[in-house]
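Any read-out appearing in this document is the output of simple, stated calculations on the displayed coordinates, not a laboratory observation. This is a predicted model, so every value here is computed, not measured. Neighbour counts run over all protein chains shown; Cβ positions are idealised from the backbone, glycine included.
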Amino acid sequence: MRPFDYTAAQSVSQALAGGGAGTAYLAGGTTLVDLMKLEVMTPRQVVDINRLPLRGVSADRDGLHVGALERMSDVAGHPLVTGGYPVLAQALLRSASPQLRNMASIGGNLLQRVRCGYFRDTSTGCNKRRPGSGCPAVDGENRGHAILGTSDSCVATHPSDLAVALVALDARVRLVGRGGTRDVRLADFYLLPGDTPEREHDLRPGELVTRVTVPALAWATRSAYLKIRDRQSYEFALASAAVALDLRGGVVRDVRVAVGGVGTRPWRLPAVEEALRGRAARPEVFEAAAALAVEAARPLTHNGFKTTLLRRTIVRALTNLVG
Amino acid sequence: MSGAARTVSVNRVDGRLKVTGAARYAADQPVERLAHGYLLLSTIARGTVRAMDVTAAESSPGVLAVYTPFRSLALLGSGTPFSVGHSWLPLQDAEVRYHGQAIGLVVAETFEQARDAAALVRADYEVRPAAVSFTDGIPTATDPGPFMGEPARLEFLADGVGSIDEALAASEVTVAGTYQQPGKHHSAMEPHACVAAWQDGALTLYTGTQSASLTVGTMAAALGVEAAKIRVVSPHVGGGFGNKIATWAHPLLAAAAARTLGRPVKVVLTREQTFTITGNRSAVRQTVRLGARRDGTLVAVKHQVWASQSASGGIFESSAHTTSRYLYRTENLHLDQKIVTLDVSPPTWMRAPGQESGSFALETALDELAAELRLDPVELRLRNDATVYPGRNVPWSSKHLAECYRVGAQRFGWARRNPAPGAVLRGEWLVGMGMATANYPGERFPASVNVRFRPDGDVSVSSATADLGTGMWTVLAVLGAEALGLPVARIRSDLGDSTLAANLGAFGSGATASTGPAVAVAAEAAITALITLAVTDERSPLHEVPAADVRYDRGELVTSDRRIGFPELLRTVSSPGVEATGTAGPGPEHGQHAFTSFGAHFCEVRVNRWTGEPRLSRMTTVVDGGAIINAKTARSQIVGGVIFGIGQALLEGATVEPQTGRIANGNFADYLLPVNADIPPIDVHFLDHPDLLFNPLGARGIGELGTVGVAAAIGNAVYNATGRRIRDLPITLDKLLD
């Protein structure tokens, strides 16, 4: 770990004043500190934001608001979340381990870095870590890598479960910088790797994520997060699906489908949703719709199974939700 | 002591230390003026280090020294056998033999300073082509030469049979399969660590080791110091599984650096470093061909093995010689072991070395034969149960495998199994049942124990053995209490120190079987010494009583008219204590029998019909391990072994990149071990058949047995659930998707 200067900000404006290139904001530290130990990240300044008043879970006419410094475990157990948005609670509870969920913040979860083994090993190339140094994952070990949204520069999977659920629910993030405050749809916040995989999201230097807002969606009470992985806990998804169903008389009136473990960013599937809307909630309908999910898939050497797995994950999630 | 050991069920005597964090492992030892070392690892698979730029590292804050092949630490020979885990000593030349080999050591005031400085070192290599792919290396496989006292190619044929292939061709029914599994890593919870401290030319080495005494010998040879000047301390070991027997680069370099710097040096491997600095289990490919009569009688078994080996040496996986060699009766047997030598880090012993992989192939093949014959897998095994050790014509000292099958089937509810594959669907889960046999040899070596009566009323029972979480602290206390007729609370066990009574340590599932009998011998000798003191010391109330008239009874010396407790006696005569050392070991009569622990696993597996993930729902394991000393820690051993097998079956495997020789998943995020959520209820049952021909306790080993056969039982259950026979481990969901 490189030596660094540490300061604890007492207010948002103080944090913003200390932000910028070469500075990392420290919340739960569950990603940042790991990556600093590995020298994948070598900030010169670390600004601790844990004392900022970015807390609270509340609901109003606009929907559900979650402060960026809320801990994952607290949000997962909050009655507004468990009651109104089961998909969020489940996505949180299937993430990481209890110890990590007790530390990790919501904002940090959304900004967590990829789990690609090449990104985390400084003895190898990685375009995300060191632009221009190549992507060994394209021809290397890529069983866990993405099949959607990849480029020749980067095939790393976006790791957050929570982000998948939030994208399904059309959530927005509030970004605060020295230049002002803006709200961005989470689906637009994340960037495709393209030729610049080092740019992962639309967060400008020095900006802070201060809160997440989930628009009110009454039928999100019928929602779920299905996460498929090799072991039953403490592992990132091979494929996951965040689904919500507005079901009336056996017909899909409306639906949300976003998937994880397969894309370079949390992957909303509007074509799948469209194929389901107005149709009977039956297995063959689900299967036909799920097939659309993988039309643009670009499998790699070791992750070809994800096209089948993703279709099945969507079908299983929808089937379970119909009950 | 006469008769077998009595089974008790007591808590670990070191349990409170461990759950409160008070137990001091190697890295926890408080040592003054400690400096911290961090290893530098090669990032190519084969070649030569041309130069290393250490300028920036040396001027980095807190750095005391940077050692490289060009600024080396002197090390001499390694001493053999059982010494260094690879065939060379670190930093003594500039050769790179595999990716992740030690090529330097940075020593600094703090761990973080050392690690940060290490990142500043630049190595310049001359790269040479490396052979790292096990699959590509199969055609280059060679005969390793004799091992375990037998040739690598071993064959028994019935009279008039020309070859094993002839016997197979003449069989009424045959099955054949090729079984593969990747290399694996021990992944003990405690990473390898050491603290080396010199004083007046003598070394104290705190390190997690399965054998303090072997470590002394290795360190003495490497450092050029007489063994008497080296003390190895290892009171608690956070898991060994065979990977803490050999000595690896870190204690060698730490001790050499500490000697040069004149300061104690600690080196703790990062989790990532443990993957290549320490040992692993070979990758294995096996082919098993079985020939049988229609009634299920085996007539021919052909078991061929290819195991990865390192060009740097190590121990390869001997899959056939440890399983098919004796597990079933057959007229014709052919075993053939080959090794594939690669530029990879060296394999070493890993829990059930040989049996772990061999049982997967053999016990899966048996299941395939049972399916072919439409015979119950338990019945097939019962029909082929071996009663004498094939080719040696010696009987087993005690073998109750058939009872394991029967009791296990009963406890598990095997009769409810639907033999038709893919026939049981519960909700969205396909459900199947499978079973397999477990075997592990009874191993015993000479061991000594010291028993000391203390004036404070306690008795110490000590030996230079090790407790890897296995329960040896408790076993010493239980056996000491039993031998002396005292409560367990009055026994103070001590172990994990090379200065204690001689003991090779803990491996081969032989620690209890070897050390246990010596407790009784030592107790007997200590009682004799106590009586001698009582009748010879003028201050003793029993002075000049004939020794033959004094008997020991539960902590007291008793004559016809007097009774005195040993604490009172010792205080009366101002004795600091009375002690004796006893030794026990296998006698020449040991060759007249075969000694093996057996067991049977039964399991139920669910496979999701949509997404294919296999999940265990329950397991039953029945163990024929002889007498059980402490039921509580014994059960833990079996459960731990079974979980080891669950990892083998469903999750574990090193991914070696064919382009680079780098282990792509050498960390705990990517090298998947089972977590609690993966482990179903495990029902463990011990048969109670003391093996008194093996040792006076009647106890054989159980540390490794639990692992053997688990992968096959699970794979067989997956077949029963889905109709899919997965012969490549681990059985992951991608192999079960359509």
Just want to confirm a number: the relative contact order over segment A:141-295, from Cα pairs under 8 angstrom separated by 6+ residues, in percent. 25
Alpha-carbon centroid distance for the pair segment A:40-112 / segment B:264-304, whole angstrom: 44
Which of the peptides B:518-525, B:472-479, A:121-128, B:573-580 is most tightly packed, and how do the rest follow, judged by the mean count of other Cβ atoms within 10 Å per residue? B:472-479, B:518-525, A:121-128, B:573-580
For residue B:467, list long-range residues whose amide hydrogen, built 1.01 Å from N in the peptide plane, is under 5 Å from its own amide hydrogen. B:237
For chain B, the helices passing both cut-offs (Cα extent along own axis of 24 Å or more, Kyte-Doolittle mean at least 1.0, full DSSP H runs) are B:511-536
In square nanometres and to one decimal, what's the mean projected area of the convex hull around the Cα atoms of segment A:221-322? 6.4
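Can you tell me how much longer the chain between residue B:34 and residue B:18 gets when fully stretched, taken as 0.36 nm per residue apart minus their C-alpha distance, in nm with one decimal?
Working: separation 16, 0.36 × 16 = 5.76 nm, distance 2.42 nm.
Additional length available on full extension: 3.3 nm.
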Once you list every other residue whose beta carbon is under 12 Å from the beta carbon of residue B:413, what net charge do they have if Lys and Arg are +1 and Asp and Glu are -1? +2
If a/c stays under 1.5 just call it rounded; otherwise compare a/b with b/c (prolate if a/b is bigger, oblate if not). Do that for segment A:9-54, with a ≥ b ≥ c from the square roots of the Cα gyration tensor eigenvalues. oblate
For segment B:282-325, one quarter of the surface area of the C-alpha convex hull, expressed in nm², comes to 3.4
Highest to lowest packing among B:708-720, B:130-142, scored as the average C-beta count within 10 Å: B:708-720, B:130-142
Hey, can you grab everything whose amide H is under 5 Å from the amide H of residue B:669? Only 5+ residues off in sequence or another chain; H modelled, so Pro and N-termini drop out. none
How many angstrom separate the Cα center of segment B:601-665 from the Cα center of segment A:239-317? 33
Can you pick out the pairs among A:37/B:735; A:37/B:244; A:37/B:184 whose Cα atoms lie more than 28 Å from each other? A:37/B:735
Cut-off under 5 Å, modelled amide H: who pairs with residue B:76 long-range: B:223, B:224
Here the FRET efficiency for residue B:127 versus residue B:55, based on Cβ atoms and R0 = 22 Å and rounded to 0.05, is 0.40
Shielding by partners - mean other protein chain Cβ count within 10 Å, residues of A:221-234: 4
Under a crude label model (7 Å from the Cα following the beta-carbon direction), how far is residue B:200 from residue A:133 in nanometres? 5.1
If one computes the Cα centroid of segment B:524-544 and of segment B:1-76, what distance in Å separates the two points? 47
Once you list every other residue whose beta carbon is under 13 Å from the beta carbon of residue A:256, what net charge do they have if Lys and Arg are +1 and Asp and Glu are -1? -1
Percent relative contact order of chain B, based on C-alpha pairs within less than 8 angstrom and at least six residues apart? 17
Quick check: pseudo-label points 7 Å beyond the Cα along Cα→Cβ at residue A:7 and residue A:247, how many nm apart are they? 5.4
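Compute the convex hull volume of the Cα atoms of chain A, divide it by the residue count, and report the result per residue in Å³ as a whole number.
Hull volume normalised by residue count: 125 Å³.
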Summing Lys, Arg as +1 and Asp, Glu as -1, what charge do residues with Cβ under 10 Å from the Cβ of residue B:337 carry, residue B:337 excluded? -2
Leaving out same-chain residues fewer than 8 places away, which aspartates and glutamates sit with a Cα under 13 Å from that of residue B:399? B:385, B:624, B:688, B:691
Percent of Cα-Cα pairs more than 55 Å apart in the protein assembly as shown, please. 22
Kirkwood Rh over alpha-carbon pairs of segment B:437-573, then Stokes-Einstein at 25 °C and 0.890 mPa s: what D in µm² s⁻¹, rounded to an integer? 155
Under a plain spin-label model, where a point goes 7 Å from the Cα along Cα-to-Cβ, how far apart in nm are residue B:9 and residue A:191? 6.3
Per residue Cα convex hull volume for chain B, in cubic angstrom? 166
Within 10 Å of each Cβ in A:302-308, how many Cβ atoms from other chains are there, averaged over the peptide? 3
At q = 0.13, 0.26, 0.28 Å⁻¹, what is the log10 ratio I(q)/I(0) for segment B:375-429, with the Debye formula run over Cα points and no solvent? -0.50, -1.09, -1.15
Residues in segment A:1-17, backbone N under 12 Å from the label point at residue B:110 (7 Å along the Cα-to-beta-carbon vector): list them, ranges by number please. A:1-6
Aspartates and glutamates within cross-link reach of residue B:229: Cα-Cα under 13 Å, excluding same-chain residues under 8 positions apart? B:200
Going highest first, how would you order B:550-563, B:310-323, B:243-256 by mean Cβ packing within 10 Å? B:243-256, B:310-323, B:550-563
